[in-house]
1. Are there any trypsin sites (Lys or Arg not before Pro) in the stretch 218-263 that are in a DSSP loop and have at most 16 other Cβ atoms within 10 Å? List them by number.
2. Non-local amide H neighbours of residue 195 (under 5 Å, H modeled in plane, Pro and chain starts lacking H): which ones?
3. Report the gain in length on full extension from residue 107 to residue 63: 0.36 nm times residue separation, minus Cα-Cα distance, nm rounded to one decimal.
4. Give me the percent relative contact order of the stretch 3-296, please, defined on Cα pairs under 8 angstrom at least 6 residues apart.
5. Among 68, 145, 229, which one moves the most in a GNM of the chain with springs linking Cα atoms closer than 10 Å?
6. With unit charges on the beta carbons (Lys and Arg positive, Asp and Glu negative) and the dipole taken about the Cα centre of the chain, which residue among 75, 46, 178 sits farthest to the positive side?
7. Treat the count of other C-beta atoms within 10 Å as a stand-in for reagent exposure and order 285, 246 from fewest to most.
8. For the chain, what is the calculated [θ] at 222 nm in deg cm²/dmol (nearest 500), taking -39500 (n - 2.57) for each run of four or more DSSP H residues and dividing by its residue count?
Amino acid sequence: MLVCYTPRYYADIGEGHVFPIRKFERVCERLLAEGTLAPRDLFEPQPAAVEDVLLVHTEDYVTRLRAGALTPRELRRLGLPWSKALVRRSFLAAAGTTGAARFALRDGVGSNLAGGTHHAFADHGEGFCVLNDVAIAIRALRRDGLISRAAVVDLDVHQGNGTATIFADDPSVFTFSMHGAKNYPLFKARSSLDVELRDGTGDGEYLRALAEHLPRVFAPAPDIVFYLGGADPFVGDKLGRLALSIAGLRARDEFVLRACRGRKVPVATVMSGGYAADINDTAEIHCNTIRAAREVFAPRAAVGRL
């Protein structure tokens, strides 16, 4: 199993920021230390090509983003301070998700230790999401003739409004979002399938809803699934409002991954959100996604580099 990661997923956004940007390195370090991943399993992406990003985002937005010319209002909506490092990490994360998808098409599963920035729209970023990495990956794979249809299983606690909007008129992409009904964003977009959960939803209710609705994702026969395994449905998440345990989230991951493998649909996992009071809880939840992927899919040696 090959996993995309680079230390350059880090950018200085201020130590007091609610977004735990150190989680990417912590997840990688933990997985390596325990032996779930070996150095040979890691693939370091290079920044996404501008032409790939422009498959999703407007030229005006990308040009001003790269030049540091976003307006104060746009930066408030984004929720992150602009820097060259932020732009670089956003292009790197987009490339990481595309790389993970290419690995998945070859090996059955691939992962990016970043990504899932599902609040990014074609013409702006918001909610800590600069570029929509999953949308870029889908469009790039389709351009290259590698897929015809795709599905997005978005289990972040916040609705994937950017992804839903980008693919609203594209029947070849099925977007499934299961999220908190009363959580951000205030005004929800329309996914192919939205499942809204009440505040305080726990493991049992959550897993029953997932089991009921997930099969619809596979009805259009996708060539690949992108799985956003958000850590923020966790009971200890500062922005979550749901009540899942770490064990319940691990069961969620296993259920999605087994559903993909059982149907022989390649799956690319990305991290998405997570804001636990203790960053170690967020890291552990994200680590569990990779552990589950290694258990569900047969381990593979790194046999090449894309």
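FYI, it's all coordinate maths here, none of it is from the lab. Because the structure is a prediction, the values reported are computed rather than measured. All Cβ positions, glycine included, derive from the backbone under ideal geometry; neighbour counts span all protein chains shown.
1. Numbers: sites: 238, 241, 250, 252, 258, 261, 263; in loops: 238, 241, 263.
Those that pass, being in a loop and sparsely packed, are 238, 263.
2. Long-range HN contacts for residue 195: 177, 178, 179.
3. Details: separation 44, 0.36 × 44 = 15.84 nm, distance 3.54 nm.
Extending this stretch completely gives an extra 12.3 nm.
4. Numbers: 616 pairs, mean separation 56.4, N = 294.
After rounding, I find 19 percent.
5. 145
6. 46
7. Numbers: 285 29, 246 16.
Fewest to most other Cβ atoms nearby, the residues stand as 246, 285.
8. Values: 11 runs with 123 residues, N = 306.
Helix-only estimate at 222 nm: -12000 deg cm²/dmol.
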